[in-house]
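Single-structure report; data block below.
The values are calculated or read from the model by the stated rules, or taken from the named source; none is laboratory data. All figures in this text were calculated on a predicted structure; none of them were measured in a lab. Because the Cβ atoms are built from the backbone with ideal geometry, glycine has one as well, and the counts that use them run over all protein chains shown. SASA here: full protein model, heavy atoms, side chains in, ligands and nucleic acids out. Shrake-Rupley method; radii C 1.70, N 1.55, O 1.52, S 1.80 Å.
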Amino acid sequence: MTPILLLEINEVPWKIIDHYTRNNEFPNVRRFFENADQFTTVTVDTGELSPWVTWPSFHRGMGNLDHKIKNLGQDPKTFCGTPVWEDIRANGGTIGICGSMQSWPPIDPGQNGFYLPDTFAHDESCIPNYLNPIQAFNLSQVKKNARVVNSKLPSLSELTNIASALMKSGITLNTVARLTGQLIGERFDKSLVGRRSTYQSILFWDVFCKHYNPVSPPDFSTFFSNHVAGLMHRYWCDVFPEEFPEFADKNLPSNEHLMRFAFHVLDDILEKVMQWAESNPELLVIFASSMGQAAVHRDQHEGFELVVDSVETLMSKAGLNGQDYKPLMAMVPQIAVEIADANLRSSAKHALESFYCGADCHFISVQEIGISLSITVGTPPKKDITDNLVKVNGNLLPLNELGIYKQDIEPGTAYHIPEGSLAFYSAAKGRSGSVKQRSKVSADKVKSWMLDINKNGYTTAKPEIMAA
């Protein structure tokens, strides 16, 4: 088998890769892509694109209408198809999974394999189980701040409490020193707070590096990172100010330095994987993003959004007691709960969708999938929520009595597009680096391509190029 390491660098398009590969500040990013075969993936998914839908399409070789994955928190029993790593495992191969979307629950990875599910897992179960404390810690951090996934760093006391688990999991002293420096540094320079979200990737890259043996690697491995995507959503305008003439006269401070920090982290990752590839010429490294981002102009955004800060309070207004449901991991503007009783699930859905503000602005939508409810809290027009009152069961209640608050927030400046980046890197002579035209490949065809590569080798397997 040809061992594959799939780097899932979420939502990174060629435009921003090209921007930073022109910069000598990132020599490893440049060297990796200069010596990689390059393609463009195109999603086949319908509706609003989201990574918890597009990655399963990439992994399972089918679009969202077929795999039926719609939301975070959804019961895996409702999923269709199998991800590529399960197929490889079923064929006798070994796997190493780190953070791939919709990868919970873990399965036996085989001898010398490992399995650390995604950051929205329903519990902390990992393989090996000594990783459980760091996954539990990870999930607790997400729960504390769902507004931007894993954007809140722990306190020094929290780090101290799990220090032994961190070290056993592979977190290096260098990373601990960087975390400590970040916590201290942002007290003196508030602009450094924007780096917080990147530290999840730094931590879990350490974990991956400890468990990944490049000389004798698993047959298929993944490492997922959202650290570039999260910043692109907010700071695309600072990287490409020419695309936002409406900001030209506002003299706003630039946060482009945060994007450079994220690319330095990517530069370090690519330096390491190229070293691994050089030590094992059989190894194929695949860089993929599942989709991309591009500039977006949110002219209708009114400077605030509604955020749920107490699921318990909201569920009580929907008629549920604490024992009636189980909160699940989700990301704003969604929350998710599991309700085993079908009658309670139906009544809660009806109650939440009946809440309204203004004349008749129903701002909560609910999807029932299996035994879970995916609840999306939208943001009404300012005119409908100026008084912060909501009609609930015939009574006017303040937002805070629903466990909801208004958060002032700047609109994002980039959003999802179907086109993503895809690159193949091998240190073996003649194995990669000659294909640069970035031909388009349907994202649902990459799974079969990876399976073919794993079985027959990269030079033998051929992609299915989309018609121009």
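When ALA330 is tested against (1) part of a loop (DSSP other than H, G, I, E, B); (2) open to solvent by 40 Å² or more (accessible area, probe 1.4 Å), exactly one condition is not met: (2). Taking region 365-387 as the range and being touching a residue at least 12 places away in the same chain (Cβ under 8 Å) and either of a type in the set (S, T, N, Q) or open to solvent by less than 10 Å² (accessible area, probe 1.4 Å) (or both) as the test, the residues that pass are SER365, GLN367, SER372, LEU373, SER374, ILE375, THR376, VAL377, THR379, PRO380, ILE385.
The requirement of being farther than 15 Å from GLY403 by Cα and buried (at least 16 other Cβ atoms within 10 Å of the Cβ) is not satisfied by LEU314.
May I ask you to verify whether VAL441 is of a type in the set (A, V, I, L, M), open to solvent by less than 30 Å² (accessible area, probe 1.4 Å) and assigned to a strand (DSSP E or B)? Give the derivation first.
Values: of a type in the set (A, V, I, L, M): yes; open to solvent by less than 30 Å² (accessible area, probe 1.4 Å): yes; assigned to a strand (DSSP E or B): yes.
Considered against the rule, which asks whether it is of a type in the set (A, V, I, L, M), open to solvent by less than 30 Å² (accessible area, probe 1.4 Å) and assigned to a strand (DSSP E or B), VAL441 comes out as yes.
Return yes when ALA294 is open to solvent by less than 50 Å² (accessible area, probe 1.4 Å) and either modelled with pLDDT of 95 or more or under 23 Å from the mean Cα position of the chain (by Cα) (or both) and no when it is not. Steps first, answer last, please.
Numbers: open to solvent by less than 50 Å² (accessible area, probe 1.4 Å): yes; either modelled with pLDDT of 95 or more or under 23 Å from the mean Cα position of the chain (by Cα) (or both): yes.
For ALA294, the condition - open to solvent by less than 50 Å² (accessible area, probe 1.4 Å) and either modelled with pLDDT of 95 or more or under 23 Å from the mean Cα position of the chain (by Cα) (or both) - is met.
In region 247-276, which residue that is farther than 20 Å from ILE17 by Cβ and at pLDDT 95 or above is surrounded by the most Cβ atoms within 10 Å (Cβ to Cβ)? So, considering only residues that are farther than 20 Å from ILE17 by Cβ and at pLDDT 95 or above, the one surrounded by the most Cβ atoms within 10 Å (Cβ to Cβ) is TRP276.
Would you say LYS391 is among the charged types (D, E, K, R) and in a strand (DSSP E or B)? Here the answer is yes, as LYS391 does meet what is asked. Listed by first and then second residue, the pairs linking a residue in region 388-412 that is open to solvent by 80 Å² or more (accessible area, probe 1.4 Å) to a residue that is assigned to a strand (DSSP E or B), with Cβ atoms under 7 Å apart and 6 or more places separating them unless they lie on different chains, are LEU396/LEU389; TYR405/VAL307; ASP408/PHE304.
Cβ-Cβ distances below 6 Å connect the following pairs, each with a first residue in region 429-454 that is free of Cβ contacts under 8 Å to residues at least 12 places away in the same chain, a second residue that is open to solvent by less than 30 Å² (accessible area, probe 1.4 Å) and assigned to a loop (DSSP other than H, G, I, E, B), and a separation of six or more residues or different chains: ASP452/ALA461.
Could you check, for region 241-251, whether at least one of its residues is in contact with a helix residue (DSSP H, G or I) (Cβ under 8 Å, 6 or more places away or on another chain) and closer than 29 Å to PRO117 by Cβ?
Initial filter on region 241-251 (in contact with a helix residue (DSSP H, G or I) (Cβ under 8 Å, 6 or more places away or on another chain)): 241, 243-244, 247-248.
Next, from what is left, pick out any that are closer than 29 Å to PRO117 by Cβ: none.
No, because not a single residue in region 241-251 is in contact with a helix residue (DSSP H, G or I) (Cβ under 8 Å, 6 or more places away or on another chain) and closer than 29 Å to PRO117 by Cβ.
Considering (1) farther than 30 Å from PRO117 by Cβ; (2) open to solvent by 70 Å² or more (accessible area, probe 1.4 Å); (3) part of a helix (DSSP H, G or I), the lone condition that ASP299 does not fulfil carries the number (3). Residues that are closer than 21 Å to PHE355 by Cα, over 23 Å from the mean Cα position of the chain (by Cα) and β-branched (Val, Ile, Thr) do occur in region 299-316, at least one of them.
Which residues, counting only those in region 272-296, are part of a helix (DSSP H, G or I) and of a type in the set (D, E, K, R)?
If the condition is that a residue be part of a helix (DSSP H, G or I) and of a type in the set (D, E, K, R), then LYS272, GLU278 are the ones that fit.
Scanning region 89-100 for residues that are out of contact with any Ser or Thr (no Cβ under 8 Å at 6 or more places or on another chain) and open to solvent by less than 40 Å² (accessible area, probe 1.4 Å) yields GLY93, THR94. Does region 232-239 contain any residue that is under 27 Å from LEU192 (Cβ atoms) and of a type in the set (A, V, I, L, M)? Yes - at least one qualifying residue is present in region 232-239. Do we have any residue at all in region 118-127 that's open to solvent by less than 10 Å² (accessible area, probe 1.4 Å), at pLDDT below 95, of a type outside the set (Asp, Glu) and farther than 20 Å from PHE223 by Cβ? No, because not a single residue in region 118-127 is open to solvent by less than 10 Å² (accessible area, probe 1.4 Å), at pLDDT below 95, of a type outside the set (Asp, Glu) and farther than 20 Å from PHE223 by Cβ.
Please tell me if GLY420 is under 30 Å from THR54 (Cα atoms) and assigned to a loop (DSSP other than H, G, I, E, B). Working first, answer last.
Working: under 30 Å from THR54 (Cα atoms): yes; assigned to a loop (DSSP other than H, G, I, E, B): no.
No: the conditions fail for GLY420.
Evaluate region 223-246: report whether one residue or more is open to solvent by 30 Å² or more (accessible area, probe 1.4 Å) and among the small types (Gly, Ala, Ser). No - not one qualifying residue is present in region 223-246. Taking the options LYS70, LYS77, name whichever one is part of a loop (DSSP other than H, G, I, E, B), over 22 Å from SER448 (Cα atoms) and open to solvent by 30 Å² or more (accessible area, probe 1.4 Å). Among LYS70, LYS77, only LYS70 is part of a loop (DSSP other than H, G, I, E, B), over 22 Å from SER448 (Cα atoms) and open to solvent by 30 Å² or more (accessible area, probe 1.4 Å).
Using the structure shown, decide if GLU338 is in contact with a strand residue (DSSP E or B) (Cβ under 7 Å, 6 or more places away or on another chain), of a type in the set (Asp, Glu) and open to solvent by 50 Å² or more (accessible area, probe 1.4 Å). Criteria met by GLU338.
Tell me which residues, restricted to region 25-45, are among the aliphatic types (A, V, I, L, M) and either open to solvent by 20 Å² or more (accessible area, probe 1.4 Å) or touching a Cys at 6+ places or on another chain (Cβ under 9 Å) (or both).
We begin by selecting, within region 25-45, every residue among the aliphatic types (A, V, I, L, M); these are 29, 36, 42, 44.
Result: VAL42, VAL44.
Results for (1) among the charged types (D, E, K, R); (2) outside any helix (DSSP H, G or I); (3) touching a strand residue (DSSP E or B) at 6+ places or on another chain (Cβ under 6 Å); (4) crowded, with 24+ Cβ neighbours inside 10 Å, shown as yes or no for each residue.
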{"residue": "MET1", "(1), (2), (3), (4)": "no, yes, no, no"}
{"residue": "ASN23", "(1), (2), (3), (4)": "no, yes, no, no"}
{"residue": "GLY47", "(1), (2), (3), (4)": "no, yes, no, no"}
{"residue": "TRP52", "(1), (2), (3), (4)": "no, no, no, no"}
{"residue": "TRP55", "(1), (2), (3), (4)": "no, no, no, yes"}
{"residue": "HIS59", "(1), (2), (3), (4)": "no, no, no, yes"}
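Results for (1) open to solvent by 50 Å² or more (accessible area, probe 1.4 Å); (2) touching a strand residue (DSSP E or B) at 6+ places or on another chain (Cβ under 9 Å); (3) in a helix (DSSP H, G or I), shown as yes or no for each residue.
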position	(1), (2), (3)
SER164	yes, no, yes
GLY194	no, no, yes
PHE208	no, yes, yes
PRO217	no, yes, no
